[in-house]
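J.: Input: one structure, supplied below.
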Amino acid sequence: MNNQLELLINLQNIDIEIGKLEENFKKILQEIDQLYHACQQIKEEIGQIKKEIDQHNKDKREKERGVEIENDHISKTKVKLSQVKTNEEYSALLKEVDSVKEKIKKLEDEDLNLMELIDEKQKTLKEKEKLLKEEEKRFQEVKGEKEKDIEGLKKTIEEKKQQRESISSSLDNKIFQDYIKVSRNREGIAVVRFSDGICQGCFLGLPPQLASEIRKSEVLIKCPHCQRVLYWTG
C-alpha cells in the first residue's frame, strides 16, 4: 500500500477517535451542567417562595393593624353613644358600629386566609429546601466522579493528538492540506473505504477502471463525486 495512503488512513482513524472522545467530553460537561442548573432552579424557586411568604406576612400585619384601628374606632364610637341626646344620633352610631364590626370580620377572615397560605408556603419551602440538599449532595457526588472521567479523557485526547501530530508531520504537506479541506467540507470524514464498487462516503458507484486502480493501492485516488480519498481492504 502507498505509504501516504496508509498514513492518511491512520490519520483518519485517529481523528475519528479524537472526535468520539471529545464528544464524550462534551456530554460529561453537559451532565454536570444539567445537575448544576437543576440545583440553581430549586434555589430560584426557594427564593421566590421566601418572597411570597414575606409579602403574605406583610399583608397579614396590615390586616392585623386594620383590626386594631377598627377596634379603636368602635371604642371611640361607644364613648359617643353615652353622650348622644337623640334617638336618631344613637341609631346612626349603632349602624356605624355594626358596619365597623363587619369590616373587622372581613379583615379577620382575610388574616386567617393569609395564615393558612403562609403555613402552606412554609411546608412547600421545607420540602424544596430538603430537595435542594439532596440535589446538591447528588451534584457533588456526580461531579467528583465525572471529574475523574474528564481527567482520563483529557489524557487520552492529548495522547491521540500527539499521535496525530506524528502522522501529519510524516505526510506530504499538500496531501495533508487537501485532507484538512475535504474533512471540513465532509463532516470530518476525508478518507473512506471502497467496497462493492461503491464509495462508502457518498455511496455512489465508481467506474470499473477506477475501481481497479483503487484496489492496487499504489496511488492516492479520490472519489470523483465527494473528493474523499478511497482505499480498498480486500
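We did not get these values from a lab; they are worked out from the coordinates using the rules stated. This is a predicted model, so every value here is computed, not measured. Glycine gets a Cβ as well: all are built from the backbone with ideal geometry, and neighbour counts include every protein chain shown.
J.: What net charge is computed for the residues neighbouring Arg164, neighbours being all others with C-beta under 13 Å from the C-beta of Arg164, Lys and Arg scored +1, Asp and Glu -1?
T.: That sum, taken over residues with Cβ under 13 Å, equals -4.
J.: I would also like to ask the following. Taking the highest mean first, how do the peptides 9-20, 157-168 order by number of other beta carbon atoms within 10 angstrom per residue?
T.: On the way: 9-20: 17.0, 157-168: 14.6.
So the order, starting with the most tightly packed, is 9-20, 157-168.
J.: Now, a different point. Once both labels are modelled 7 Å past Cα along the beta-carbon direction, what's the Gln163-Asn113 spacing in nm?
T.: 7.1
J.: What is the ratio of the Cα radius of gyration of region 137-234 to 2.2 N^0.38 Å, with N the residue count, to two decimals? Don't jump to the answer; show the numbers that get you there.
T.: On the way: Rg = 19.3 Å, N = 98, 2.2 N^0.38 = 12.6 Å.
Expressed relative to 2.2 N^0.38 Å, the Cα Rg reads 1.53.
J.: Answer rounded, prolate or oblate for region 1-121, using the Cα gyration tensor with square roots of eigenvalues a ≥ b ≥ c: rounded when a/c is under 1.5, else prolate when a/b is larger than b/c, else oblate.
T.: Prolate.
J.: How long is the gain from Leu94 to Ile16 if the chain were fully straight, where each residue apart is worth 0.36 nm and the alpha carbon distance is subtracted?
T.: 18.9 nm
J.: Count the net charge of all other residues whose Cβ sits under 12 Å from the Cβ of Leu230, scoring Lys and Arg as +1 and Asp and Glu as -1.
T.: Counting the neighbours of Leu230, the net charge comes to +4.
J.: If you take all C-alpha pairs in region 1-42, what percent of them are over 13 Å apart?
T.: 65
J.: With charges set only on the Cβ (+1 for Lys and Arg, -1 for Asp and Glu), what does the dipole of the chain come to about its Cα centre, in debye to the nearest 20?
T.: Around 520 debye, computed over the chain.
J.: Taking only DSSP H segments of four or more residues, each worth -39500 (n - 2.57), what value at 222 nm results for the chain once the sum is divided by all its residues, to the nearest 500 deg cm²/dmol?
T.: Calculated from helices alone, the mean residue ellipticity at 222 nm is -29500 deg cm²/dmol.
J.: Something else about it: How far, in degrees from 0 to 90, does helix 87-170 lean away from the longest principal axis of the Cα atoms of the chain, to the nearest 10?
T.: Roughly 20 degrees, rounded to the nearest 10.
J.: While we're looking at this one, here's another question. Give the aspartates and glutamates reachable from Lys128 as a straight Cα distance under 13 Å; neighbours fewer than 8 places away on the same chain don't count.
T.: By straight Cα distance, Lys128 reaches Glu44, Glu45, Glu120, Glu136.
J.: Taking Cβ-Cβ under 4.7 Å as the only way to count a partner, pick out the unpartnered cysteines of the chain.
T.: So far as the 4.7 Å Cβ criterion goes, Cys39 stand without a partner in the chain.
J.: Against the longest principal axis of the chain, how steep is helix 173-185, in degrees 0 to 90 to the nearest 10, with axes from Cα atoms?
T.: 40
J.: Quote to one decimal, in nm, the extra length available between Thr77 and Glu136 on full extension: 0.36 nm per residue of separation minus the C-alpha distance between them.
T.: 15.3 nm
J.: Sticking with this one: Cβ under 13 Å from Ile214's Cβ, Ile214 left aside: what net charge do those residues give with Lys, Arg +1 and Asp, Glu -1?
T.: With Lys, Arg at +1 and Asp, Glu at -1, the net is +2.
J.: Note the per residue figure in Å³ for the convex hull of the C-alpha positions in region 129-190.
T.: For region 129-190, the hull spanned by Cα atoms encloses 103 Å³ per residue.
J.: Under 8 Å for C-alpha pairs, at least 6 residues apart: give me the relative contact order for region 154-215, rounded to a whole percent. Don't jump to the answer; show the numbers that get you there.
T.: On the way: 28 pairs, mean separation 8.7, N = 62.
So the answer I get is 14 percent.
J.: Tell me, what is the Rg over Rh of region 174-217, with Rh the Kirkwood radius over Cα pairs?
T.: On the way: Rg = 11.6 Å, Rh = 11.4 Å.
Answer for region 174-217: 1.02.
J.: What do you get for Rg/Rh of the chain when both radii come from the Cα atoms and Rh is the Kirkwood radius?
T.: 1.55
J.: Estimate the FRET efficiency between Asn3 and Leu29 by the formula 1/(1 + (r/R0)^6), using the beta-carbon distance for r and 45 Å for R0, to the nearest 0.05.
T.: 0.70
J.: Just the Kirkwood number for region 80-176, please: inverse of mean 1/r across all distinct Cα pairs, in Å, one decimal.
T.: Every distinct Cα pair counted, the radius reaches 21.8 Å.
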